[in-house]
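Worksheet: one structure, shown below.
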Amino acid sequence: MDENYEVIVVGGGFAGVAAARTLGRKGVRVLLIDKNPYHQFQPLLYQVATVQLGVSEVARSLRDIFRGQPNVRVVVAEVTGVDVGAKRVTTSDGKSYEGRFLILASGAEANFFNTPGAEVTYPLYSVDDAVSLGGTLSNVLETADRADDGTEIHFVVIGAGPTGVETAGALAETVKYVLSDYFSPRLASRCHVHLVDMVPNVLNVFSDKSKEYAGRRLAAMGVQLHLGTPVAEIARDKVLLKDGTEIPASLVVWAGGLKAGPVVAGSGLPQGRGGRIDVNPDLTAPGVEGVYVLGDAANMTDAKGNQLPQLGSCALQAGTWAAKNILADRDGGHRAPFAYVDKGYMAMVGRGSAVAEVGPGPKRVLLNGPLAFLAWLGVHVVLLSGTLQKIRAVATWPSDYITHRRSFVVLSRPDSSHTP
Ligand SMILES: Cc1cc2nc3c(=O)[nH]c(=O)nc-3n(C[C@H](O)[C@H](O)[C@H](O)COP(=O)(O)OP(=O)(O)OC[C@H]3O[C@@H](n4cnc5c(N)ncnc54)[C@H](O)[C@@H]3O)c2cc1C
């Protein structure tokens, strides 16, 4: 057993970092454990996956984040066991850490819903996923360029939620701008992007106006939409839909859904929708004292019992809120139910075009086109400045979108197992 801490935080994502920072500023002795030495910024992962940004632009060292907070200790290790009763976690190197309070903020992982063949797809949740996808994309293009044999290249994205729409849009722009610049217009003309979903529209949680706009923009960008039919089976060279359609595939991206990761699954806490923990309104886990579950690992609700979204801003606010509740607990005060400040939803469709539904639920303002694009930039710069203010993305990526410059960055792990 390692030394004792007041609070153990598992996960250095939006929720975990916000909680540890708030507690650290109040002098609480915190141990933050993450399997990676960095905090990742998922909203820009699709740009790493499409070889436009490098890793250092979407990830920041956890040690750097907590450099000025000596009472927050960072340990890089994979948590493999959780004892919620004892508020103790065990890591893969056999160490145990115990606290008076425990925060589980370990995020989510891809949910393949038992789709046959899904193991050949590339999910997009982590920096590792994005590097693997970007490396493979680069490899597919280099192989096709070398062969120069007229083979058609098909990129298939499964799932037309925000991640799938952003990835398909970025792939279409890669084909349009990057391939012509860095390879040849001939190769660009042989590349096709497909977006697949079982529901009949893209961005299903958005308003009809946003769905219609995003679908129209994607089609105009050359993305082939296959909507309203579930995927039956995936193979390395094709995606088969339940209506019999066969889409040829050189590379398949999985953006079809998420579920809570193994940390909460192994915690013994009762799991709800998506394998997540249905937390109490004050963000504590049900039936156990001093344990909080936050962000993508939790089903969090507002005061009326409505489900809160799996968003970076929601996770970040939950982290700060849980920290305040822990301080109240410690000081003999009262925990307050989480009051999420809803800033709306956004998705980037492509250069100069996004959809944004800004503001709290009933009063949402719907934007699309360049205005929504600017709103998207603004909101993400704010989100970045809360957690990752030093990453270079803030300086480079908006200007890349406004000008017609596109990068083709080096990613270090091309996966040679996928070739067109
Ligand atoms: C591709 C993509 C795009 C997105 N775009 C947006 C967007 O534009 N706007 C927005 O608001 N939200 C967006 N989201 C959602 C947002 O990123 C998440 O809701 C948010 O990151 C959740 O924060 P979290 O702290 O709960 O989890 P995460 O940020 O996922 O952090 C979890 C942390 O736990 C660590 N961890 C996991 N397992 C272990 C273990 N066993 N041991 C130790 N550490 C572990 C992980 O390494 C990670 O650092 C996007 C998500 C994705 C996947």
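The values are calculated or read from the model by the stated rules, or taken from the named source; none is laboratory data. Please read these numbers as outputs of a predicted model, since none were measured by experiment. So basically every Cβ, Gly included, is an ideal-geometry build from the backbone, and we count neighbours across all protein chains shown. Protein only, heavy atoms only, side chains kept; ligands, DNA and RNA dropped before computing areas. Shrake-Rupley method; radii C 1.70, N 1.55, O 1.52, S 1.80 Å.
Assuming I103 fulfils every condition listed in (1) over 19 Å from the mean Cα position of the chain (by Cα); (2) within 13 Å of the ligand (Cβ to nearest atom); (3) open to solvent by 10 Å² or more (accessible area, probe 1.4 Å) apart from one, which condition is it?
Checking I103 against (1) over 19 Å from the mean Cα position of the chain (by Cα); (2) within 13 Å of the ligand (Cβ to nearest atom); (3) open to solvent by 10 Å² or more (accessible area, probe 1.4 Å), the one that fails is (3).
Which residue is farthest from F66 (Cα to Cα), if the candidates are limited to the range 23-37 and must be in a helix (DSSP H, G or I) and open to solvent by less than 20 Å² (accessible area, probe 1.4 Å)?
Among those that are in a helix (DSSP H, G or I) and open to solvent by less than 20 Å² (accessible area, probe 1.4 Å), it is L23.
Could you please let me know if F373 is at pLDDT 80 or above and closer than 28 Å to T50 by Cα?
Criteria met by F373.
Could you say which residue among G81, G16 is modelled with pLDDT of 95 or more, near the ligand (Cβ under 10 Å from one of its atoms) and surrounded by 24 or more Cβ atoms within 10 Å (Cβ to Cβ)?
Among G81, G16, only G16 is modelled with pLDDT of 95 or more, near the ligand (Cβ under 10 Å from one of its atoms) and surrounded by 24 or more Cβ atoms within 10 Å (Cβ to Cβ).
Looking at the range 179-196, which of its residues are outside any helix (DSSP H, G or I) and either in contact with a strand residue (DSSP E or B) (Cβ under 6 Å, 6 or more places away or on another chain) or open to solvent by less than 10 Å² (accessible area, probe 1.4 Å) (or both)?
Matches in the range 179-196: R190, C191, H192, V193, H194, L195, V196.
Filter the range 279-320 down to the residues that are in contact with a Leu (Cβ under 9 Å, 6 or more places away or on another chain) and away from the ligand (no atom under 13 Å from the Cβ), then identify the one that is most open to solvent (accessible area, probe 1.4 Å).
G287
Which one of these is in contact with a helix residue (DSSP H, G or I) (Cβ under 9 Å, 6 or more places away or on another chain) and either without any contact (Cβ under 8 Å) to a residue 60 or more places away in the chain or aliphatic (A, V, I, L, M) (or both): V120, V127, V140?
V127
Please find, within the range 34-54, the residue that is nearest to the chain's Cα centre (by Cα) out of those that are near the ligand (Cβ under 8 Å from one of its atoms) and over 16 Å from T163 (Cα atoms).
So the residue we want is H39.
If I ask for residues that are within 12 Å of the ligand (Cβ to nearest atom) and open to solvent by 50 Å² or more (accessible area, probe 1.4 Å), which ones from the range 244-258 would you list?
L258
Restricting to the range 4-13, name every residue that is surrounded by 24 or more Cβ atoms within 10 Å (Cβ to Cβ) and part of a strand (DSSP E or B).
Going through the range 4-13, the residues surrounded by 24 or more Cβ atoms within 10 Å (Cβ to Cβ) turn out to be 7-13.
V7, I8, V9, V10 - these are the residues of the range 4-13 that are surrounded by 24 or more Cβ atoms within 10 Å (Cβ to Cβ) and part of a strand (DSSP E or B).
One residue is enough: does the range 341-348 have a residue meeting the conditions part of a loop (DSSP other than H, G, I, E, B), at pLDDT 85 or above and over 21 Å from A255 (Cβ atoms)?
yes
Does E98 fit the bill of being of a type in the set (D, E), within 14 Å of the ligand (Cβ to nearest atom) and open to solvent by 20 Å² or more (accessible area, probe 1.4 Å)?
No.
Any residue at all in the range 395-404 that's open to solvent by less than 60 Å² (accessible area, probe 1.4 Å), at pLDDT 90 or above and over 18 Å from the mean Cα position of the chain (by Cα)?
First pass over the range 395-404, keeping only residues open to solvent by less than 60 Å² (accessible area, probe 1.4 Å): 396-401.
Okay, now just the ones that are also at pLDDT 90 or above, so none.
Looking through the range 395-404, none of the residues is open to solvent by less than 60 Å² (accessible area, probe 1.4 Å), at pLDDT 90 or above and over 18 Å from the mean Cα position of the chain (by Cα).
Could you list, in sequence order, all residues of the range 106-131 that are part of a loop (DSSP other than H, G, I, E, B) and open to solvent by 30 Å² or more (accessible area, probe 1.4 Å)?
S106, F112, F113, N114, P116, Y125
Counting only residues that are over 20 Å from L311 (Cβ atoms) and surrounded by 22 or more Cβ atoms within 10 Å (Cβ to Cβ), which one in the range 38-63 is modelled with the lowest pLDDT?
Step by step, filter the range 38-63, then rank; the result is E57.
Which of the following residues is among the aliphatic types (A, V, I, L, M) and surrounded by fewer than 15 Cβ atoms within 10 Å (Cβ to Cβ): A328, A265, A232?
A328
If a residue must be within 19 Å of V82 (Cα to Cα) and either assigned to a loop (DSSP other than H, G, I, E, B) or among the hydroxyl-bearing types (S, T, Y) (or both), how many such residues does the range 277-330 contain?
The qualifying residues number 11.
So which of V140, V157 ends up being surrounded by fewer than 23 Cβ atoms within 10 Å (Cβ to Cβ) and touching a strand residue (DSSP E or B) at 6+ places or on another chain (Cβ under 8 Å)?
V140 is the lone residue from the list that is surrounded by fewer than 23 Cβ atoms within 10 Å (Cβ to Cβ) and touching a strand residue (DSSP E or B) at 6+ places or on another chain (Cβ under 8 Å).
Assess whether G134 counts as being small (G, A, S), in a loop (DSSP other than H, G, I, E, B) and either within 30 Å of L283 (Cα to Cα) or not assigned by TED's automatic domain parsing to the domain that holds V293 (or both).
So G134 fails the test.
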